[in-house]
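The values are calculated or read from the model by the stated rules, or taken from the named source; none is laboratory data. Keep in mind the model is a prediction, meaning the values are calculated, not measured. Cβ coordinates were reconstructed from backbone atoms using ideal geometry, including for glycine residues, and neighbour counts include every protein chain displayed.
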Amino acid sequence: MSIVTIATPFNIDLEFKTAAFNKRFLAWLIDLVIICAYNYIVEYFILRPFHLDSDVATVIFILFTALPSFLYNLIFETFFNGQSIGKKLAGVKVISRTGNEATFSQYLIRWLLGFGNYIMYAMPYIIEAAIRNPGYIFFFIFVLLFYIPDLLSFGISSKSQRLGDLAAGTVVIDNNYDASINETIYLEIEDEHYMPLYPQVMRLTDRDINGIRNLLDVKNESKDNYTYTAQVAARIKEVLSIESDLESSDFLLQLLRDYNYLTRKY
């Protein structure tokens, strides 16, 4: 597992933990089980019981089993913020290398260059054949060779990226890292009549707020740290269009208070 460091527009460096191999494998396995179960339901509860004409059955198979299985990862990652069901349960997600949510073109590129995607739709039938006839186990092993390029790329790249990730500019991160971030940004607001000064703070993310909290937690009063704090405060004021006469550290602390109050209020 490696750390991906990304600079935000606020001059705050964010750190993401790349997803470990065991988590990514678990996500793949869960997705495979879901695809197999889906194919089984369509095959044994729709196609066979109704004894459909062969042409009709072929059309249904293509439209409702093969195609959804083939596009499974692309569809889920696109519409569910970089997560398939397996990724969601395993606690991993796809993000852009810049730290933002990946775009559709990025999801598309990583899917096109994921050679395993091209045989995913056939995996349920390959597995079923291997179970019924042990001789097909060699064919199953042969199919797994489609994943070798991604495995090699995962092991060699510094950020554990497969070929599709390298081309698309994406990375798979450990989404559970968000939990530790949420814990660090907590700040108790005891005043029931508290009035936030800067509601624009809600345009920041938890990771931006975490970066501010970490910066304020530094006890170093050196000139360099003071200058860096002033730069961060100035950048945030510029991006959020805020005018404030507060000292840089006081301004950032006020942002923390406002953010905690507003997130709990809504």
Cβ pairs under 9 Å, 6+ apart or interchain, first in region 38-51 and aliphatic (A, V, I, L, M), second in a loop (DSSP other than H, G, I, E, B), ordered by first then second residue, are Ile46/Leu52
Scan region 119-153 for residues that are touching a helix residue (DSSP H, G or I) at 6+ places or on another chain (Cβ under 7 Å) and in contact (Cβ under 8 Å) with a residue 40 or more places away in the chain and jot them down.
Met120, Tyr121, Met123, Pro124, Ile127
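Just to check your reading of the model, which residue among Gln231, Gln200 is more than 30 Å from Phe80 (Cβ to Cβ), surrounded by fewer than 17 Cβ atoms within 10 Å (Cβ to Cβ) and modelled with pLDDT of 80 or more? Quick ask: steps written out before the conclusion?
On the way: Gln200 fails: more than 30 Å from Phe80 (Cβ to Cβ).
The unique qualifying residue is Gln231.
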Some residue of region 138-153 being surrounded by 16 or more Cβ atoms within 10 Å (Cβ to Cβ), of a type in the set (Phe, Trp, Tyr) and out of contact with any Ser or Thr (no Cβ under 9 Å at 6 or more places or on another chain)
yes
How do the pairs read when you match residues in region 86-105 that are in the same structural domain as Leu166 (by TED's automatic domain parsing) with residues anywhere that are assigned to a helix (DSSP H, G or I) and of a type in the set (Val, Ile, Thr), using Cβ under 8 Å and keeping only pairs 6 or more apart or on different chains?
Gly86/Ile30; Gly86/Ile34; Leu89/Ile30; Ala90/Ile30; Phe104/Thr78
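Okay, residues lined up against (1) surrounded by fewer than 18 Cβ atoms within 10 Å (Cβ to Cβ); (2) at pLDDT below 90:
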| site | (1), (2) |
| --- | --- |
| Met1 | yes, yes |
| Val4 | no, yes |
| Asn11 | yes, yes |
| Phe25 | yes, no |
| Ile35 | no, no |
| Arg48 | yes, yes |
| Thr58 | yes, yes |
| Pro68 | yes, no |
